[in-house]
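Undergrad: Once you've had a glance at the structure underneath, I'll fire off some questions.
Values quoted throughout were computed directly from the atomic coordinates according to the rules given, and no laboratory measurement underlies them. Computed from a predicted model, the values in this text were never measured in an experiment. Positions of Cβ are generated from backbone atoms using ideal geometry, with glycine treated the same way; all protein chains shown enter the neighbour counts.
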Amino acid sequence: MDKKDDSMEKVVALCKRRGFIFQGSEIYGGLANTWDFGPYGVELKNNIKRSWWKHFIQEREDMVGLDSSILMHPKVWEATGHVASFTDPLIDCKKCHERFRGDKLIEENMGIEAAAGKSLKEISEIIKKNKLKCPKCGSTDFTEAREFNMMFKTNQGVIENETSMVYLRPETAQGIFVNFRNISAIMRKKLPFGVGQIGKAFRNEITPGNFIFRTREFEQMEIEYFIKEEGWEKLFKEWEDLCKEWFEKLGIDKKNMRYREHDPKELAFYSKKTVDIEYKFPFGWGELMGIAYRTDYDLNRHIKFSNQDLTYFDQETNERFVPHVIEPSFGMDRTVLTVLVNAYAEDSLGGEARIFMKFDPKIAPVKAAIFPLIKKEGLPEIGRKIWNDLKSEFTVEYDESGSIGKRYRRQDEIGTPFCVTVDFDTLKDNTVTIRERDSGEQKRVKIEELKGILTEKMR
Ligand code: ATP
């Protein structure tokens, strides 16, 4: 039986033990809430990115990709409203001096409805009236809520002054809007069409935490899908379905996902509809991604601030207008966390307790591991030859150290779906065994058929 009711600690411990995710700057005592993806973590992450790119860009005629820069003209963030209002309501506990997001404190104690759309004054009042306690020390004495801008600032060039100031982008989306004219003209795309990109974003979060769920440096996978205003509802539904489909492709258990439409009070002022896809993490439900109908807000703002023409000319109707947009916005790191939590399993195989990661073979960091039963009698040579033959197709490992049982367990913990063993029968009939991770079942197959069989299983 799988065990999923245990806390995050087991997943975090496995991530460290098996080289998925390490504490950032560990040898210096760590930099709080920074994480480094280790050798298996980066494979997993790249496989997820490739799957996203394939599903949303490569396999669609109406989509193209982009990779825009992290540093953008500061006016971009004035246009979007980030300079004025990309803020969270900050409160300090007067006793222990810990800082919190006022809205999150209300949400955690009283539910999302109670926190949605509240002004700073209302947040302070709710916290006081309901005597909400500091999660760290239990005090009910907080400062008034005040606005805290989450954008990271830095300076470009050698002179440090206001004119050299730039922001690290807090979202990747704006790189798409500022390239809208380039892409629509050069790629000769007709509406509806979309642009997707994967990249880093930075937010000076007040309360990062829950491992890689909320960090200050993270990756997003965002799409802006440019449309005509009429018929947005139908396209919104199509994007909802596409996003669900992708999470299912990753093997995420449907019963741990839910779709939450934002209440009108919670909606950003430019959004007519927002749906979040949430996942049930060991620490509770958390947002995995959001899909928002942002109307023509962003392009209009950039038209105003840049004084450039970002309209679209429809050759069929001879109309010129500003396209509207549907924005599916995914968190890369939250997707990795979901995949890790979703895959973590414990059972007993052949009377022995084991931990294994039930990754879908398509995204498993290592697809197959090749083991010679012993280190002599020519078995390692055959094993290496198989490894050589497979390595251009998949990520394959070769391992000849320790007992076979130990080698299986190591691969189970990194979620390798297939282990191939070269044994004495191989010398007689050129066959090897394939052992499947989840069932532990073994089958003998001919070496020359191995690549085809594994390729088929990977589909
Ligand atoms: P939250 O309410 O959790 O702060 P958000 O609604 O501000 O998230 P968006 O601005 O919609 O998030 O960003 C899109 C996606 O980017 C989110 O769904 C999430 O997956 C990811 N994301 C946002 N902030 C972070 C963060 N600090 N760390 C990791 N991922 C994040």
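Undergrad: Taking 8 Å as the Cα distance limit and 6 or more residues as the minimum spacing, I'd like the relative contact order of the chain as a percentage.
TA: It rounds to 14 percent for the chain.
Undergrad: Would you please classify the overall shape of region 183-329 from the alpha carbon gyration tensor, given that a ≥ b ≥ c denote the square roots of the eigenvalues, rounded means a/c under 1.5, and beyond that prolate means a/b larger than b/c while oblate covers the rest?
TA: prolate
Undergrad: To the nearest 20 debye, what charge dipole does region 353-459 have about its Cα centre, counting +1 at the Cβ of each Lys and Arg and -1 at the Cβ of each Asp and Glu?
TA: The dipole magnitude comes to about 220 debye.
Undergrad: Work out the FRET efficiency for R459 and D425 from their Cβ-Cβ distance, taking R0 = 22 Å, and round it to the nearest 0.05.
TA: After rounding to 0.05, the efficiency reads 0.20.
Undergrad: I've got another one for you. Plugging the Kirkwood radius over Cα pairs into Stokes-Einstein for region 366-458, at a temperature of 25 °C and a viscosity of 0.890 mPa s, what D comes out in µm²/s?
TA: D, rounded to a whole number, is 190 µm²/s.
Undergrad: Another one. Let me have the relative contact order for region 366-458, percent, based on Cα pairs under 8 Å that are six or more residues apart.
TA: Averaging sequence separation for qualifying contacts and normalising by length gives 28 percent for region 366-458.
Undergrad: Let me ask another. Rounded if a/c is under 1.5, else prolate if a/b is larger than b/c, else oblate: which is region 188-258, with a ≥ b ≥ c the root eigenvalues of its Cα gyration tensor?
TA: Cα axes put region 188-258 in the oblate bin.
Undergrad: So, one more: How long are the semi-axes of the equivalent ellipsoid of region 302-433, defined as square roots of 5 times the Cα gyration tensor eigenvalues? Whole Å, largest first.
TA: Value: 52, 20, 12 Å, ordered largest first.
Undergrad: Hey, what D do you get for region 87-149 in µm²/s if you plug the Kirkwood alpha-carbon radius into Stokes-Einstein at 10 °C and 1.306 mPa s?
TA: Reported coefficient: 141 µm²/s.
Undergrad: Sticking with this structure for a sec: Post the alpha-carbon centroid distance, region 292-323 to region 103-173, in whole angstrom.
TA: Between the Cα centres of region 292-323 and region 103-173 lies a distance of 32 Å.
Undergrad: Along the principal axes of its C-alpha atoms, what lengths does region 404-444 span, in descending order and rounded to whole Å?
TA: 32, 17, 11
Undergrad: Please compute the length gained on full extension between F321 and S7, using 0.36 nm multiplied by the number of residues separating them and subtracting their Cα-Cα distance.
TA: Between F321 and S7, full extension yields 107.9 nm more.
Undergrad: K228 versus I303, label points 7 Å from Cα toward the beta carbon: distance in nm?
TA: According to this spin-label approximation, the distance is 1.7 nm.
Undergrad: Using alpha carbon centroids, what distance separates region 331-406 and region 209-244, in Å?
TA: The distance from the Cα centre of region 331-406 to that of region 209-244 comes to 33 Å.
Undergrad: Another question, if that's okay. Under a crude label model (7 Å from the Cα following the beta-carbon direction), how far is K95 from D67 in nanometres?
TA: Spacing of the two 7 Å Cα→Cβ label points: 5.1 nm.
Undergrad: If you don't mind, there's one more thing I want to ask. Just to be sure I understand the model, the point goes 7 Å from the Cα along the line to the Cβ. What's the resulting K131 to S271 distance in nm?
TA: 3.5
Undergrad: Based on alpha-carbon atoms only, what is the radius of gyration of the chain relative to the globular estimate 2.2 N^0.38 Å?
TA: 1.13
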